[in-house]
Structures are given as C-alpha cells and as structure tokens.
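Colleague: Okay, here's the structure, questions in a sec.
All of the numbers you see were taken from the coordinates with simple rules; none came from a lab. Keep in mind that what you see is a predicted model, and the values were worked out from it rather than measured. Don't worry about glycine lacking a Cβ; one is built from the backbone with ideal geometry, like all the others, and counts go over all protein chains shown.
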Amino acid sequence: MTSLSKESLRVSEIFYSLQGEARDSGLPTVFVRLTGCPLRCTYCDSEYAFYGGERMALQQVLLRVRSHPAHHICVTGGEPLAQPNCLPLLEALCNEGYSVTLETSGAMPVDSVDSRVSRVVDLKTPASGEQHRNRMENLQVLTRHDQVKFVICNREDYGWARFTLDRYRLSERVGEVLFSPSYKQLGARQLAEWILEDGLPVRLQIQLHKLLWGDLPGV
Ligand SMILES: C[S@@+](CC[C@H](N)C(=O)[O-])C[C@H]1O[C@@H](n2cnc3c(N)ncnc32)[C@H](O)[C@@H]1O
Ligand SMILES: Nc1nc2[nH]cc(C(=O)O)c2c(=O)[nH]1
Ligand code: SF4
Ligand SMILES: [Mg+2]
C-alpha cells in the first residue's frame, strides 16, 4: 500500500513520435499511454494497454517526458480517465508549459480535466460495440479548445455520426470534428467521398503514424 504513492500511475508506454491523430497531426509529440480500459471497442488497436504496465510516480513520468525534445504531449490509453491520477498528471504537464491533448472515450466525466488541455472525445459509434458507454452530457462542457472524433467502421456508423453532428451542433461547439476510418476496415477514400457528397463541416483524419510505420506499439 505504502509503495503506491498518492500520485502514482500505471503506465503502459511513454514514447516520442509524430502525432498521428486529431488537430495536431504531424507534430512531434510525447505520448503517455496509461494502462487499463473498461471498454472493449471491436476495432481497438491498443489492446496491449488493457493489462500490465509499470507503476510510476507522477514525478517519474514527468522526468521521462522531459527527456524528449517535444512541446506537445498526448495522454492516452487504455482509457486515461479511468485512473484518478490522470487529472493531476494533466495539470502538472500544463504547469510545465506543455501543449497537452487527452484522448478519451468519453465514457467518464470530462469536466474535471484542466481547462488548458484539449480534450479529444471519441464518440463511440454503433459498430464499436460500445455506443451505450457514451456520456452525451460530456458534450455540454466542451469548448472550441476541444475536439470530437468519430471512428467510422461502415455506412451505418457514418449515418449515425452525421446525425449526431447535426443533433448536437458539434461544429459550432468544438474546435474540430474529426471523422476517422477504422483502420483496414473502411477505406479512407470511401469516407472522403461520403463527406464530400454531404458537404459535412468535418475534417477527415487518417492515422498518420500507421501510414508511416504500420500498426505497431510505440509509434
Ligand atoms: C486507443 S484509444 C485510447 C483513448 C480512449 N480509450 C479512446 O478510445 O478514445 C485512442 C484513439 O484510437 C482510436 N482507435 C483505436 N483503434 C482504432 C482503429 N482500429 N482505427 C482507427 N482508430 C482507432 C480510438 O477510437 C481512439 O480515438
Ligand atoms: N503517433 C501516434 N499518434 C497517436 N495519436 C493518438 C494515439 C493513441 O493511441 O491514442 C496515437 C498513437 O498511438 N500514435
Ligand atoms: S475505449 Fe479506447 S482503449 Fe478502450 S477499447 Fe475503446 S479504443 Fe481501445
Ligand atoms: Mg494509437
């Protein structure tokens, strides 16, 4: 018990790469991937982060982050907000002057996240198998500093994302609405054509790191 310091975290990996997703795509970024997730999305590319990982003190995480020459930090998982100490981690990273993004499923409340963090809330689509976990009330607290993502597996998911975009006026509420194809499940060109046909005010997101390096951990 005493070895689990008040501000310790279970960490799957800390790595330096190009941001492959969302608004900051292409920017050198340090990724902090926290272990554990209560969801089981059908397409999850990070199942290796469900279990295991290393218990680290917050200060140890900060030291590792500082060892890389990046200004941008992305906290992800697993589901990062499933660990209560994710909140002090985010605050500490902001205090150090980093530009911080948080990738979250939106299955937990996002209102206690430091307001300097750009929250990237992934609204789970029907084909993810986890649509029932979406906390739609999270959308009320998002601002232009935040982002909403849909990972789209098929035409039904696209239709649901288009409906949700309109129903919650997402383009007016947040800074970026991202439509991403589920990797190797839906072609990016197909998704691009649907977006163009409907003239949707959203940004097509293609996972840049997978184009560069493939579907591997640590990139
Ligand atoms: C691994 S999750 C971790 C953060 C959080 N659990 C979540 O789901 O947002 C990070 C992002 O990767 C996306 N992702 C996972 N597997 C994917 C895949 N096969 N194709 C496209 N995006 C994927 C998720 O939907 C999420 O937006
Ligand atoms: N390069 C790179 N960019 C990313 N952006 C979000 C990621 C994630 O797994 O949450 C991710 C990732 O795993 N790698
Ligand atoms: S919520 Fe994120 S980490 Fe969890 S299963 Fe879904 S995509 Fe994977
Ligand atoms: Mg990833």
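Colleague: What is the Cα centroid distance between the stretch 194-219 and the stretch 91-115, reported in whole angstrom?
Modeller: The distance from the Cα centre of the stretch 194-219 to that of the stretch 91-115 comes to 23 Å.
Colleague: So, one more: Which is farthest toward the positive dipole end of the stretch 111-219 among Ser180, Gln131, Tyr158, measuring Cα position about the Cα centre, with Cβ charges +1 (Lys, Arg) and -1 (Asp, Glu)?
Modeller: About the Cα centre, the residue reaching furthest to the positive side is Ser180.
Colleague: Give me P(r) over the chain, computed from all C-alpha to C-alpha distances, binned every 5 Å, as integer percentages.
Modeller: 1, 7, 15, 20, 21, 17, 11, 5, 2, 1, 0, 0
Colleague: Using a Cα distance threshold of under 30 Å, what count of lysine pairs results for the chain when pairs must be 8 or more residues apart or interchain?
Modeller: Going through the chain pair by pair, I get 6.
Colleague: For an R0 of 35 angstrom, estimate the FRET efficiency from the Cβ-Cβ distance between Ser115 and Glu156 and round to the nearest 0.05.
Modeller: My answer for the efficiency is 0.50.
Colleague: Moving to a separate point now. For His72 paired with Glu172, estimate the spin-label separation in nm (one decimal), with each label point 7 Å from Cα along the Cα-to-Cβ line.
Modeller: 2.9
Colleague: Multiply the residue separation of Lys184 and Leu63 by 0.36 nm, subtract the distance between their alpha-carbon atoms, and state the gained length in nm to one decimal.
Modeller: Gain in length upon complete extension: 40.0 nm.
Colleague: Who wins for biggest fluctuation among Leu191, Leu170, Leu200 in a Gaussian network model of the chain, springs between alpha carbons below 10 Å?
Modeller: Greatest mean-square fluctuation among the candidates belongs to Leu200.
Colleague: Here's something else I'd like to know. Under a crude label model (7 Å from the Cα following the beta-carbon direction), how far is Leu208 from Leu87 in nanometres?
Modeller: With each label point 7 Å from Cα toward Cβ, the separation is 3.2 nm.
Colleague: If you take every DSSP beta bridge fully contained in the stretch 74-219, what fraction is antiparallel? Give it as a percent rounded to 5.
Modeller: DSSP beta bridges in the stretch 74-219 are roughly 0 percent antiparallel.
Colleague: Mind checking the full-extension length gain between Gln131 and Tyr43? Use 0.36 nm per residue of separation minus the Cα-Cα distance, one decimal, nm.
Modeller: Result: 30.4 nm gained on full extension.
Colleague: Test of the criteria: in the stretch 130-219, which trypsin sites (Lys or Arg not before Pro) are in a DSSP loop and have at most 12 other Cβ atoms within 10 angstrom of their Cβ?
Modeller: Within the stretch 130-219, the qualifying trypsin sites (Lys or Arg not before Pro) (loop, at most 12 other Cβ atoms within 10 Å) are Arg144, Arg169, Lys184.
Colleague: In addition: Among 37-49, 111-123, what's the highest-first ranking by average C-beta atoms within 10 angstrom per residue?
Modeller: 111-123, 37-49
Colleague: Right, here's the next one. Would you calculate, for the chain, the mean residue ellipticity at 222 nm contributed by helices, counting each DSSP H stretch of 4 or more residues as -39,500 (n - 2.57) and dividing by all residues, to the nearest 500?
Modeller: Computed ellipticity for the chain at 222 nm equals -7000 deg cm²/dmol.
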